[in-house]
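Here's the structure we're looking at; comments come further down.
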Amino acid sequence: MHTSRSLTLARLPSGVPVRTTVHAYGEGELVDGEGGPELDAPDGSPVVYAQAAQHGREVNGAAVLRRLHDRLAGEASSGGDGPAVDDRGPTAGDLAGTLVTVPVADPLTFDRVSYTTPESLDSRQPNMNRCWPGDAEGSLHERMAARLWSFASGADAIVDLHTGSPSMATHTVYMRGDDACRGLAEAFGTDLLLAEAAGDDAETEWSERGFAGKLRVAATREGIPTVTPELAHSREVVPEAVETGVSGMIGALRHEGLLDGEPEPWDGIVARNHLGRVIAADSGLFVPESDLTVGDRVAAGDRVGEVFDPTTFETLQIAHADRDGIAYSVARESTVTAGSTLVGVAERIDEE
């Protein structure tokens, strides 16, 4: 079974509602409640919650949930976001539980193709992924998060689909030290997993950047295994990224018992959260080493690129890796300002 409902997340000053759509597949269904749509699912039946486009320029997650809808609802898509639907694939009737999806979690940023909202809309929480579990009487983003939290908090597992840049390796982030999150991350199946600490366990910089308000952190603290896959490419629907996401969602549904079978065996790399950042010491043009690509192993001291002054041609910085690890991001937009990240290095973890 598949049901969907329009969901009002908040209201603008003019009274215009900020709306999105929520979908339910499998044993549960969306019903009309006094405060809007609610999930009606059998007691004891597992629920997985997945959302996308919490940051509006990160569109591949929405395309993933569309392709997944095509498979579960048995509908053929005419879009160019991947191969034709496999008629032998799972349908909503095969789900031993309920999948709830929200393809566009933040319509405000989606309409502006942006990462955050303008100050005029939410000066307190311009980034929606810093204010979970939200506040029904708070700022615009806090209210939106609280409305979505009413669905997410009832789940047994959460997949928060995000999208990196073309210069970032596809990876899945999970809470370091949490075995249930690690298992869900492995089931999603990206080759690179990033183990991220939070709260009192986080390094100072991580804590000061407000990451405790991420959906993944808030949900994990409530005992809900949660992962954040970062698929390739923002602003552009890329078929390969979409297929990675669909395959990952199928693996997650199998891991949580909603679909028969086991996820594909995982044999990848685990690294610690990406605090290793090679920073631009001055503003200019950055040219990475010609043989440096995302996913490469680097050693402390390795040359990773050069920043030069485009007016005088003077070399301003020879950039070097500050630690051993995996180059999970390499800046490809050449114009950089002082303090911006040139290369992100994740330290490999052989054992946790």
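The values are calculated or read from the model by the stated rules, or taken from the named source; none is laboratory data. Treat the numbers as computed from the prediction; the structure is a model and nothing was measured. Backbone-built Cβ (ideal geometry, glycine too); neighbour counts: all protein chains shown. Just so you know, the surface numbers come from the protein's heavy atoms only, side chains and all, with ligands and any DNA or RNA stripped out. Shrake-Rupley method; radii C 1.70, N 1.55, O 1.52, S 1.80 Å.
Summary of values
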read-out: Any chance residue 91 is modelled with pLDDT under 95, out of contact with any Phe, Trp or Tyr (no Cβ under 8 Å at 6 or more places or on another chain) and buried (at least 23 other Cβ atoms within 10 Å of the Cβ); value: no
read-out: Number of the exception - residue 16 against (1) in contact (Cβ under 8 Å) with a residue 12 or more places away in the chain; (2) open to solvent by 10 Å² or more (accessible area, probe 1.4 Å); (3) aliphatic (A, V, I, L, M); value: (1)
read-out: Close pairs (7 angstrom Cβ cut-off, 6 or more residues apart or separate chains): in a loop (DSSP other than H, G, I, E, B) and at pLDDT 95 or above in the stretch 215-232, surrounded by fewer than 22 Cβ atoms within 10 Å (Cβ to Cβ) and among the hydrophobic types (A, V, I, L, M, F, W, C) anywhere; value: 225/180
read-out: Subset of the stretch 108-155 [surrounded by fewer than 19 Cβ atoms within 10 Å (Cβ to Cβ) and on the phi > 0 side of the Ramachandran plot]; value: 113
read-out: The lone exception for residue 310 - which of (1) under 29 Å from residue 338 (Cα atoms); (2) in a strand (DSSP E or B) it fails; value: (2)
read-out: Residues of the stretch 226-278 satisfying the condition of being of a type outside the set (Asp, Glu), under 26 Å from residue 95 (Cβ atoms) and open to solvent by 20 Å² or more (accessible area, probe 1.4 Å); value: 237, 239, 244, 247, 254, 255, 257, 261, 263, 265, 266
read-out: Residue that is at pLDDT 95 or above, over 26 Å from the mean Cα position of the chain (by Cα) and hydrophobic (A, V, I, L, M, F, W, C), where the choices are 316, 342; value: 316
read-out: Selection count where residues are hydroxyl-bearing (Ser, Thr, Tyr), farther than 15 Å from residue 287 by Cβ and open to solvent by 80 Å² or more (accessible area, probe 1.4 Å), scope the stretch 313-352; value: 1
read-out: Close pairs from the stretch 270-285: first of a type in the set (S, T, N, Q), partner open to solvent by 50 Å² or more (accessible area, probe 1.4 Å), Cβ under 9 Å, at least 6 apart; value: 273/176; 273/203; 273/347; 283/316; 283/335; 283/337; 283/338
read-out: Test: residue in the stretch 54-69 that is open to solvent by less than 60 Å² (accessible area, probe 1.4 Å), over 30 Å from residue 214 (Cβ atoms) and either in contact with a Leu (Cβ under 9 Å, 6 or more places away or on another chain) or at pLDDT below 95 (or both); value: no
read-out: Test for residue 294: is it touching a strand residue (DSSP E or B) at 6+ places or on another chain (Cβ under 7 Å) and either open to solvent by less than 40 Å² (accessible area, probe 1.4 Å) or in a strand (DSSP E or B) (or both); value: no
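Here's the yes/no breakdown for (1) surrounded by 21 or more Cβ atoms within 10 Å (Cβ to Cβ); (2) modelled with pLDDT of 95 or more; (3) under 25 Å from the mean Cα position of the chain (by Cα):
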position	(1), (2), (3)
27	no, yes, no
36	no, no, no
40	no, yes, no
49	yes, yes, yes
72	yes, no, yes
77	no, no, yes
83	no, no, yes
86	no, no, no
